Amino acid sequence: MSQPPPPQPPPPGQAGWSQPQPAAQAGGWQPQPAGAHPGLAQQPDASGRPRRRANVLGIAAILVAAVLTLSGPAQHLTFNLAVLSGGTASIAGINGLFTAIHVILALAAIGLGVAGLLVRDRGRILAAAAVGIGASTLVGVLASLVIGLAFSAR
């Protein structure tokens, strides 16, 4: 293993000594660029590449998509409780309420997901997954409404 070279004196006109900064490649040394602060620099991961910062919009989108996904079992539980209590007349109202909730959550997941996809230098996997979940739910709700209208017209 080789030793790093000793610090070099500053160029003429600059006072004091500067600390050498490690280069991106192993074995070399280079001064830190002006304006950069070592405490604020992105720390590299195990592969040596800087880690990406979190995509907050993508995280928010996947959380909305998770709530959207969990609202399906909540809808079934609510239906079962309504049937067990003998309130079968309230099922239409429950269905309308959950349909509205699904549409609102799906549009929110799609909107936040698309915004998360447009952010630069951030991970996009969560945002893309949220767009897919929101879009598939929206297609399912719309298909269910169209099929319901088609059969009610007979």
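A few comments on the model shown:
- Extension gain, Arg53 back to Arg124 (0.36 nm per residue minus Cα-Cα distance, nm): 24.5 nm
- Amide H within-cut-off set for Asn55, under 5 Å, with H built and near neighbours excluded: Gly123
- Kirkwood Rh in Å, taken over region 56-152 so that all alpha-carbon pairs contribute: 14.3 Å
Throughout, read-outs are computed from the coordinates displayed, never taken from laboratory work. Computed from a predicted structure; not experimentally measured.
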